[in-house]
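Undergrad: One structure, as structure tokens, below. Some questions next.
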Amino acid sequence: MKYFEYSPSQLEAKANELTEKYDKERLVRAKHIDVYDIVDLIGCTSDWFYITPDLSVLGMTAFYDVCMYSWPYDHYEKGMIPKRIKVDKGTIVIDKALQESGNIGRENFTVIHECFHQILHPRCFRNKGADYTKMCTQKSFKNHTERVRNMTAIDIIEYQANYCAAAFLMPKEAVINTFAETMGQTIGNSLISLTDYGVKSAIKETANRFEVNYTAMKYRLQTLKILAREPQTEEYIV
């Protein structure tokens, strides 16, 4: 698999470029966003079906016309089998159970993650034969806020899509402004500890303002070097 080595600053720039096309004001303050408008903006279409009966796959994107499998329910029943369906090039599919769950933060992140696969990675799967899709499991959304050693090519493109999704949904300046306002203090050069008084509630409130989940906002604040990092965990951006 071939991929381009983007630096964090380049990934931030990619996210900001899309933000400017959609709503430049979002670069400096939190605003409501309909992520499916972004799917339209990049020239893709949205669809929803039960990709898996256990939400192990949250979303996928088709780089060419493909056939996929759709399950009839959001849970497995004995004898249940999926049916083969056609998915057109440029379709971003979100698991219907995720869309029905009401977990807006997770849905928003998943949709924008898939959008950035379409923006960054359409050429990565040219040598995959007939498989021109990218399916993103829950593990795909593991915290890859930094490049680490021994990442596979798949890990790297997931890191890139995660980074851009976080930077788009939580633009740097807007996050700093909102978090400072919520904390009632100026953000200085010293890292803030998660155990400091009021920090967790401030993260939660800031996350709500940006329509993402707590964990996603926590990782973003750590990436921006506002919040001190914790020991490595196997948390997901949920």
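The values are calculated or read from the model by the stated rules, or taken from the named source; none is laboratory data. Model, not experiment: these values are computed from the prediction. Here Cβ is always computed from backbone atoms with ideal geometry, including for glycine, and neighbour counts include all displayed protein chains. We work out accessible area using only protein heavy atoms, side chains counted, and drop any ligands, DNA or RNA first. Shrake-Rupley method; radii C 1.70, N 1.55, O 1.52, S 1.80 Å.
Undergrad: I want to check the label-to-label distance for Leu191 and Ile104. Put each point 7 Å from Cα in the C-beta direction and report it in nm to one decimal.
TA: For the pair Leu191/Ile104, the computed spacing is 3.2 nm.
Undergrad: Considering amide H positions built from the backbone, and no H for Pro or chain starts, which residues 5 or more places from Tyr50, or on another chain, come under 5 Å of its amide H?
TA: When sequence neighbours closer than 5 places are left aside, the close amide H contacts are Trp71, Lys96.
Undergrad: Separate question: So in the chain, what percent of DSSP beta bridges are antiparallel if you round to the nearest 5? Could you put the intermediate results ahead of the total?
TA: Details: 15 of 21 bridges.
If I count the DSSP bridges inside the chain, around 70 percent turn out antiparallel.
Undergrad: Also, quick follow-up: With charges only on Cβ, +1 for K and R and -1 for D and E, what is the dipole size of region 2-42 about its Cα centre, in debye, rounded to 20? Walk me through the intermediate numbers first.
TA: Values: 7 positive and 9 negative charges, 21 e Å.
Once rounded to the nearest 20, the dipole reads 100 debye.
Undergrad: Amide H of Val87: which non-local residues (sequence gap of 5 or more, or other chain) have their own amide H closer than 5 Å, using H built in the peptide plane?
TA: Those lying under 5 Å, H to H, from Val87 are Val66, Cys67, Met68.
Undergrad: Explain nothing, just compute: Karplus ³J(HN,Hα) = 6.51 cos²θ - 1.76 cosθ + 1.60, θ = phi - 60°, for every residue of region 182-194 in order, whole Hz, x for Gly and Pro.
TA: Whole-Hz 3J(HN,Hα) from phi for region 182-194: 5, 6, x, 7, 6, 7, x, 8, 7, 5, 8, 8, 4.
Undergrad: Protein chains only, probe 1.4 Å: how do His75, His32, His113 rank by accessible area, largest first? Provide the component values of the computation, followed by the final result.
TA: Working: His75 80, His32 135, His113 0 Å².
Solvent-accessible surface, decreasing: His32, His75, His113.
Undergrad: Long-range amide H contacts for Gly59: which residues qualify at under 5 Å (H placed 1.01 Å from N, peptide plane, sequence gap of 5 or more or a different chain)?
TA: Asp95, Cys136
Undergrad: How many Å² of accessible area per residue for the chain, probe 1.4 Å? Show your work: numbers first, answer last.
TA: Working: 12110 Å² over 238 residues.
Each residue of the chain exposes 51 Å² on average to a 1.4 Å probe.
Undergrad: Kindly write out, for region 207-218 in residue order, the coupling ³J(HN,Hα) from the Karplus curve 6.51 cos²θ - 1.76 cosθ + 1.60 (θ = phi - 60°), rounded to whole Hz, with x marking Gly and Pro.
TA: For region 207-218, the Karplus-derived couplings read 4, 4, 5, 9, 6, 10, 8, 3, 5, 4, 5, 4 Hz, x marking Gly and Pro.
Undergrad: Residue-wise, which Karplus ³J(HN,Hα) couplings in Hz belong to region 152-165, taking 6.51 cos²θ - 1.76 cosθ + 1.60, θ = phi - 60°, and x for glycine or proline?
TA: Taking θ as phi minus 60°, the curve returns 6, 4, 4, 4, 5, 6, 5, 4, 5, 5, 4, 4, 5, 4 Hz for region 152-165.
Undergrad: Oh, and also: Given a 1.4 angstrom probe, I'd like the percentage of the accessible area of region 1-56 that is carbon and sulfur, rounded to a whole number.
TA: Details: 1590 of 3180 Å².
Carbon with sulfur: 50 percent of the solvent-accessible area.
Undergrad: Now for a separate question. With unit charges on the beta carbon (Lys/Arg positive, Asp/Glu negative), name the residue among His121, Leu227, Ala15 whose Cα is farthest towards the positive pole of the charge dipole of the chain.
TA: Result: His121, furthest along the dipole toward the positive end.
Undergrad: I would also like to ask the following. For the charge dipole of region 1-102, defined by +1 on Lys and Arg C-beta atoms and -1 on Asp and Glu C-beta atoms about the Cα centroid, which residue among Val57, Gly102, Leu41 has the Cα displaced farthest towards the positive pole?
TA: Result: Val57, furthest along the dipole toward the positive end.
Undergrad: Go ahead and estimate [θ] at 222 nm for the chain from helices alone: -39,500 (n - 2.57) per DSSP H run with n ≥ 4, summed, over the residue count, rounded to 500. Could the numbers behind the result be given before it?
TA: Numbers: 8 runs with 97 residues, N = 238.
So the calculated ellipticity at 222 nm is -12500 deg cm²/dmol.
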